[in-house]
Amino acid sequence: MADSPRDCETILVQAATLVRPLVRSRVHALPPQVRHVAGLHFGWWTDDGTVLNAPSVSKCVRPALALLACRAVGADPYAARAAAVAVELVHNASLLHDDVIDQDPLRRGRPALWAAKGVPAAILAGDALFFAAVQTLAEAPDAGRTVPVLLAAVQALIEGEYLDTLMEAGTDVSEDRAAAVAAGKTGALLACACELGAIAGGATEERAQLLHAFGRRLGIAYQCVDDVLGIWGDEPVTGKPALSDLRSRKVTIPVAAAMAGHTPQAQSLRALYRANGPLGETDHARARDLIEQTGAREATLRRARRHTTDAMHLLDQVQPEPLAAAELAALADLITRRDR
């Protein structure tokens, strides 16, 4: 075992090296047609079956958290490999469904699966990946403890997605509701990754719950940054269309923060969002500028940093193994400073 903490790139690359072959094995066990479209989503092959050797652009943050949480409680991170695979499968399932809901045409710089193969294919492939995640844990040790944790996370994720659709429909738009969406859509799965990793490492219930809370806070911070990138991100870097969240009038955390004010900019933004249909090129650029002028961009990044600080306080209470603690801190810092 290394005597000094690894840098974030090494942490993520090593997590990916462990997890990706196991994810591929799970996908290969699916029925042939479902396996084919799932492989398109992962970028493993083209529609005509040509195998692609391009490296995956998945960051593998969730698997890395599961492995590090296991190490944090003093165990060999390899013990958490099933947990790492399960959360990566659920994450990709949620991406497939999220792209359908949002009608985002790109994912990771490629056509989203629904755009390439149709909505039914994307929905069913997502369902299959959810099933594969549960099966992965069901076949591993401590299934009686881990499967309910995963199912609770999926339920919270679904609730977060549904709250998101209500926000888009103009129902109960508020900063608190936007934060609840973040806790469900992203916080729940990062919390699950950390808790499953802790369980795999033989942690007590108290330590597992502290790591769950750590992951949840980190997930909210992650979503805050994601929402900022959805408006101000660089498309070639993020792999998603620039301003896509504004085109579809998504009420993300910076949008909700901007709307909460009583300034002329906030009033103009609310008026733009009340209009029917997608925002035009001029309108979504104007919406971006209005949000910036309210200070909501910086406020959202401050919120991310605050949740990251809270997460680190929770991690301290775990009394983690020092090297794992340092690497978790490095990942937490990366989450608030990332550009993709």
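The values are calculated or read from the model by the stated rules, or taken from the named source; none is laboratory data. None of these values were measured; they are calculated from a predicted model. Here the Cβ positions follow ideal geometry from the backbone for every residue, glycine too, while neighbour counts run over all protein chains shown.
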_Being assigned to a helix (DSSP H, G or I), free of Cβ contacts under 8 Å to residues at least 60 places away in the same chain and surrounded by 22 or more Cβ atoms within 10 Å (Cβ to Cβ) narrows it down to one residue among ALA64, ALA86, ALA38, ALA93; which is it?_
ALA93
*State which residue is surrounded by the most Cβ atoms within 10 Å (Cβ to Cβ) when the search covers only segment 294-340 and only residues that are small (Gly, Ala, Ser) and more than 19 Å from the chain's Cα centre (by Cα).*
ALA296
_Just the residues that are in a helix (DSSP H, G or I) and either surrounded by 11 or more Cβ atoms within 10 Å (Cβ to Cβ) or not charged (D, E, K, R) (or both), please, taken from segment 266-283._
ALA266, GLN267, SER268, LEU269, ARG270, ALA271, LEU272, TYR273, THR282, ASP283
_Looking at GLU139, GLU168 in this structure, which one is of a type in the set (D, E, K, R) and within 19 Å of ALA193 (Cα to Cα)?_
GLU139
*asked:* Which of the numbered conditions does GLN14 fail, given that it passes all the others? Conditions: (1) more than 20 Å from the chain's Cα centre (by Cα); (2) surrounded by fewer than 17 Cβ atoms within 10 Å (Cβ to Cβ); (3) of a type outside the set (Gly, Ala, Ser); (4) within 21 Å of GLY201 (Cβ to Cβ).
replied: (1)
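Does ALA69 satisfy being surrounded by 22 or more Cβ atoms within 10 Å (Cβ to Cβ), in a helix (DSSP H, G or I) and touching a helix residue (DSSP H, G or I) at 6+ places or on another chain (Cβ under 8 Å)?
Numbers: surrounded by 22 or more Cβ atoms within 10 Å (Cβ to Cβ): yes; in a helix (DSSP H, G or I): yes; touching a helix residue (DSSP H, G or I) at 6+ places or on another chain (Cβ under 8 Å): yes.
For ALA69, the condition - surrounded by 22 or more Cβ atoms within 10 Å (Cβ to Cβ), in a helix (DSSP H, G or I) and touching a helix residue (DSSP H, G or I) at 6+ places or on another chain (Cβ under 8 Å) - is met.
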*asked:* Going residue by residue through segment 118-138, is there one that turns out to be surrounded by 15 or more Cβ atoms within 10 Å (Cβ to Cβ) and acidic (Asp, Glu)?
replied: no
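Residues to consider are SER4, SER58, SER25; find the one that is at negative phi, of a type in the set (Ser, Thr, Tyr) and in contact with an Asp or Glu (Cβ under 8 Å, 6 or more places away or on another chain). Show your work before the answer.
Numbers: SER4 fails: in contact with an Asp or Glu (Cβ under 8 Å, 6 or more places away or on another chain); SER25 fails: in contact with an Asp or Glu (Cβ under 8 Å, 6 or more places away or on another chain).
Sole residue among the options that is at negative phi, of a type in the set (Ser, Thr, Tyr) and in contact with an Asp or Glu (Cβ under 8 Å, 6 or more places away or on another chain): SER58.
Return a yes/no flag: does segment 292-307 have any residue that is of a type in the set (Gly, Ala, Ser), closer than 25 Å to ALA221 by Cβ and in a loop (DSSP other than H, G, I, E, B). Explain how you work it out, then say what you get.
Filtering segment 292-307 for residues of a type in the set (Gly, Ala, Ser) gives 295-296, 299, 304.
Right, trim to closer than 25 Å to ALA221 by Cβ and you get 295-296, 299, 304.
Now restrict to residues that are in a loop (DSSP other than H, G, I, E, B): 295.
Yes: segment 292-307 contains one or more residues that are of a type in the set (Gly, Ala, Ser), closer than 25 Å to ALA221 by Cβ and in a loop (DSSP other than H, G, I, E, B).
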*Of the conditions (1) modelled with pLDDT of 95 or more; (2) under 19 Å from the mean Cα position of the chain (by Cα), PRO32 fails just one. Which one is it?*
(2)
*Counting just the residues of segment 167-222 that are within 30 Å of GLY261 (Cβ to Cβ) and among the acidic types (Asp, Glu), which one comes out modelled with the lowest pLDDT?*
ASP172
*Taking the stated definitions as given, is VAL225 outside any helix (DSSP H, G or I), crowded, with 21+ Cβ neighbours inside 10 Å and within 19 Å of the chain's Cα centre (by Cα)?*
no
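This table checks each residue for (1) surrounded by 23 or more Cβ atoms within 10 Å (Cβ to Cβ); (2) small (Gly, Ala, Ser); (3) part of a helix (DSSP H, G or I); (4) out of contact with any Ser or Thr (no Cβ under 7 Å at 6 or more places or on another chain).
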residue: ARG145; (1), (2), (3), (4): no, no, yes, yes
residue: ALA156; (1), (2), (3), (4): no, yes, yes, yes
residue: LEU163; (1), (2), (3), (4): no, no, yes, yes
residue: LYS185; (1), (2), (3), (4): yes, no, yes, yes
residue: LEU196; (1), (2), (3), (4): yes, no, yes, no
*Residues that are in contact with a helix residue (DSSP H, G or I) (Cβ under 8 Å, 6 or more places away or on another chain) and outside any loop (DSSP other than H, G, I, E, B), drawn from segment 41-61*: HIS41, PHE42, TRP45, VAL61
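Please verify whether ALA213 is assigned to a helix (DSSP H, G or I), more than 17 Å from the chain's Cα centre (by Cα) and surrounded by fewer than 24 Cβ atoms within 10 Å (Cβ to Cβ), treating the condition exactly as stated. I'd like the intermediate steps shown before the answer.
On the way: assigned to a helix (DSSP H, G or I): yes; more than 17 Å from the chain's Cα centre (by Cα): no; surrounded by fewer than 24 Cβ atoms within 10 Å (Cβ to Cβ): yes.
Considered against the rule, which asks whether it is assigned to a helix (DSSP H, G or I), more than 17 Å from the chain's Cα centre (by Cα) and surrounded by fewer than 24 Cβ atoms within 10 Å (Cβ to Cβ), ALA213 comes out as no.
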*asked:* Pairs needed: first member in segment 217-228, farther than 17 Å from VAL251 by Cβ; second member anywhere, at pLDDT 95 or above and acidic (Asp, Glu); C-beta distance under 9 Å; at least 6 residues apart or different chains.
replied: ARG217/ASP310; ALA221/ASP310
*Determine whether ALA152 is touching a Cys at 6+ places or on another chain (Cβ under 8 Å) and either more than 30 Å from ALA275 (Cβ to Cβ) or part of a helix (DSSP H, G or I) (or both).*
yes
